[in-house]
């Protein structure tokens, strides 16, 4: 109910017998101004400082972006927070009353752009650069405040500003807030549920780098094995031989030969079966090369036998996004995350030779960085208590972050929650067979998880009961080439023996 002071004054006077008494004319209030427009509402958000518990958010210019074929009209609001955090909030003219935060990737440093199909649904979208701008190195990690922003704080800081902007623009708060991210964005997703459980109602963590420090150490071990001696390396031809042997051993474990290992839990491929028995050739592996393969597949341990990374499952080694990107190129090239982590996050020495790195000699700083950056907690009690929902997703052929690591983490979360029934109330995990890091690979790799999460958060069925499918498609022209059911872990899509092998209806989600 609204109260307009001139009318309320007249009612008061009538009730008390004062209506006939002379008095001053009622204040008519300010003269009505021109009606608000999307342009004026957007402009009104600019040139302000928003006070938050994490410091001031500075907003200067804003811009109303006209509708296109990909997305509707929205107000673009860039902003900044000390020491060097840059963020962007996009406020659609036609709003669905919900907010979606987009996680970053790698070492962050740039503001992610929302996919057009999500923006077209009317979400407010929010993203940040993680607290720093990418410059080609990680010297920003020498600064404790910037490192804290990257490690755990930037999303929460940005959300404080974003909520204030939403309130200003629409006159009300978002009814629901969601987060989605992959890789480091998946780590950021878990950080939010663990450390800031009030920020989001639903969270999607794809291929999460939850044990970030340990992953970097595993990457360094791979680097030293692949490049420690020329004899250790596998050529592209030998990598193809390895992948073909893995498929020969494990492809049909899902009842169909299609180049996709859908049942990785049952795959027990032994690279020693490729040992050269005669002259070296592209069709076999030497003992040094077998040791290289086993380094990737095996659990990584410190010298005291304490495990620190679970290792990778076999499959997808020769994919364009497989070893060629993450293992088998020089360590100063693209797969240099472990090198950059050691030089900047641990030792603050840009010239350090990581081939000489011995983790056991640096345990205190490793433990410090793990406590700061990792999202390894399994305590979701506060997130659960307020009805939060969490979806995990991971490609089984991911050579950047091991699928096995997310399976391990999920099992740990289930145990910490008190068993499967309790965990099912707030978390579900979905493998993506044959998919590389976040996308790509032999398997179907596209599924929009946000509608399923929203349904779950808002009182509907959990995603595992929504008959979700994951698909593969080509562009120019657009064509869907493969569809599989998206199965809740530990189930996998098993071919029924009849029907179209690229149709979801031909598969059943089966236990290994």
Query raised in the report: When the chain is fully extended, how far beyond the present Cα-Cα distance does residue 305 get from residue 480, taking 0.36 nm per residue of separation?
Result: 58.3 nm
Query - Extension gain (nm, one decimal) between residue 412 and residue 60, 0.36 nm per residue minus Cα-Cα - result: 122.2 nm
Query raised in the report: Across every pair of different alpha-carbon atoms, what Kirkwood hydrodynamic radius in Å does the chain reach?
Result: 25.3 Å
Report task. Tally the DSSP beta bridges in the chain and give the antiparallel ones as a percent, rounded to 5. Result -> 60 percent
Query raised in the report: Add -39500 (n - 2.57) for each DSSP H run of 4 or more in the chain, then divide by its residues: what number comes out at 222 nm, to the nearest 500 deg cm²/dmol?
Result: -8500 deg cm²/dmol
Query - Ascending count of other beta-carbon atoms within 10 Å, so fewest first, for 269, 200 - result: 269, 200
Query raised in the report: Normalised by the number of residues in the range 415-512, what is the relative contact order in percent for Cα pairs under 8 Å and 6+ residues apart?
Result: 21 percent
Query raised in the report: Say each of residue 471 and residue 281 gets a label point 7 Å from the Cα, pointing the same way as Cα to Cβ; how far apart are those two points in nm?
Result: 4.5 nm
Report task. Over the chain, calculate the relative contact order: mean separation of alpha carbon pairs under 8 Å at least 6 apart, over the residue count, as a percent. Result -> 11 percent
Report task. For residue 372 paired with residue 351, estimate the spin-label separation in nm (one decimal), with each label point 7 Å from Cα along the Cα-to-Cβ line. Result -> 2.4 nm
Query - Sites residue 360 and residue 231, calculated FRET efficiency, Cβ-Cβ separation with R0 25 Å, nearest 0.05 - result: 0.45
Query - the range 447-491 residues near the modelled residue 505 label - backbone nitrogen below 18 Å, point 7 Å along Cα→Cβ - result: 467-472, 480-486
Report summary line: Fewest-first ordering of 339, 52 by Cβ atoms within 10 Å yields 52, 339
**Report entry** Estimated FRET transfer efficiency when R0 is 56 angstrom, pair residue 288-residue 421 (beta carbons, to 0.05)
**Finding:** 0.70
Query raised in the report: Hey, fewest Cβ within 10 Å first, where do 284, 276 land in order?
Result: 276, 284
Query raised in the report: What nm value, rounded to one decimal, do you get for the distance between residue 40 and residue 448 when each label is placed 7 Å out toward the C-beta?
Result: 3.4 nm
Report task. Quote the relative contact order of the range 101-157 in percent (integer), defining contacts as alpha-carbon pairs under 8 Å separated by 6+ residues. Result -> 34 percent
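The numbers here are math on the coordinates, done by the rules we state, and not lab data. Nothing here was measured: the structure is a model prediction, and the numbers come from that model. Here the Cβ is made from the backbone with ideal geometry for all residues, glycine too, and neighbour counts use every protein chain on show.
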